[in-house]
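The values are calculated or read from the model by the stated rules, or taken from the named source; none is laboratory data. No experiment lies behind these values; they were computed from the predicted model shown. Every residue, glycine among them, receives a Cβ derived from its backbone with ideal geometry; neighbour counts consider all protein chains shown.
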DNA sequence: ACCTGAACACCGTTCAAGT
DNA sequence: ACCTGAACACCGTTCAAGT
């Protein structure tokens, strides 16, 4: 069950790689979602997440860990999409969650905010990778730019004045700049949003 | 191209619904992603988003509009998943973006923050729907609970103390409570996170 | 010119039959 | 008991042939 350089992780492809029929895989996993979760966890095990640098603040370490995870997902957008609908639960994933909880706790935020917050951080990382992840460098993806981009240029001033006014900002920023702004946004949001009293 | 009660929106299914071959659809759309975007936009046109209630604050109206959009996506998780990887660009979607920009602008936040922020709000709504959207009420989805839930109960105190400590909070809260907390989180994050100077 | 039947190249999952 | 070949029920997309 080693994670080779498989492009599209598929029951049939993996079975072929293993010189057997696709039915055999169902001895180990119940369905494709579980297969993807297992592969993702294996990849997570091969990546060395940056260690917490004792000299720096929790925030930098938190962003570093998230960035590292996101980079992995960016290279496997298919796994990111799977992880979005069925959260992984492998040992390496739990290690990541453990670490994120520890780092975010150092912010001093209440435990409930930390718990719910980590969920949102992981969702943001996963969704962004699913959205923008390198889709096998398809030549069609050149104009596959955000659909908004295409639509935006033909926007009617009188019908959508706000879009027109925000256009430069809507399209500005590199992918990296937006990703790290997004991490900051979610972290700041966590720190500033108490969980409703009744739910705890 | 009316949007009937189609469960799984598929090239072949839709073609059959229209008493023709699947090839015929390629006259109107280039691929499945475009088909899904078109269907989503049509559905968006049939939903009446709650009007801005003049007596209330921008924040309530913003959350109401987002909730309405999210509810629609929850009923069509497949479309949510498509919308995540290829943002729609139909007229009704642009209307939604226009409105979100207008409402968030009333917060007084700088234009760049508003523009980038709306993107994150839409991503959060879409990702949440893709993640938790009613998957055709499959009987298997009863224990399809968050994988974390299953894994969590067998968590080793010494190996993952933070997960153990946060366990109740990690699993607490209804779906609705978490969704609206998430909207608050993103909104608060937008208000507190200036976009980097260089990118504007 | 426009539409589409039929074919191609894939999928996930199941189950009866084999070892 | 464990594994798996072969079949079933789907997919998206293309293209040559028809009107």
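When residue B:77 is tested against the conditions (1) under 25 Å from residue A:162 (Cα atoms); (2) within 13 Å of chain A (Cβ to nearest Cβ); (3) away from DNA strand D (no atom under 12 Å from the Cβ); (4) in contact with a helix residue (DSSP H, G or I) (Cβ under 9 Å, 6 or more places away or on another chain), the lone failure is (1). Picking from residues in the range B:13-28 that are under 21 Å from residue B:85 (Cβ atoms) and at pLDDT 95 or above, the one that is nearest to DNA strand C (Cβ to nearest atom) is B:26. For the range A:36-56, the candidate set comprises residues that are in a loop (DSSP other than H, G, I, E, B) and touching a residue at least 24 places away in the same chain (Cβ under 8 Å); within that set, the residue that is nearest to residue A:122 (Cα to Cα) is A:49.
The set of residues in the range B:119-132 that are more than 8 Å from chain A (Cβ to nearest Cβ) and crowded, with 19+ Cβ neighbours inside 10 Å comprises B:121, B:122, B:125, B:129.
Checked against (1) in contact with a helix residue (DSSP H, G or I) (Cβ under 6 Å, 6 or more places away or on another chain); (2) within 16 Å of DNA strand C (Cβ to nearest atom); (3) away from chain A (no Cβ under 11 Å), residue B:66 passes all but a single condition, namely (2). When restricted to residues that are touching a residue at least 24 places away in the same chain (Cβ under 8 Å) and within 13 Å of DNA strand D (Cβ to nearest atom), the range A:9-31 contains 2.
Can you confirm whether residue B:40 is surrounded by 21 or more Cβ atoms within 10 Å (Cβ to Cβ) and either within 13 Å of chain A (Cβ to nearest Cβ) or at positive phi (or both)? Against the criterion (surrounded by 21 or more Cβ atoms within 10 Å (Cβ to Cβ) and either within 13 Å of chain A (Cβ to nearest Cβ) or at positive phi (or both)), residue B:40 qualifies. Where helices (runs of 4 or more DSSP H) sit wholly within the range B:87-200, those with at least 2 residues that are under 27 Å from residue A:98 (Cα atoms) and at pLDDT 95 or above occupy B:111-132, B:161-171, B:175-192. Given the criteria more than 14 Å from residue B:130 (Cβ to Cβ), away from DNA strand D (no atom under 16 Å from the Cβ) and at pLDDT 95 or above, does residue B:46 qualify? Answer is no for this residue.
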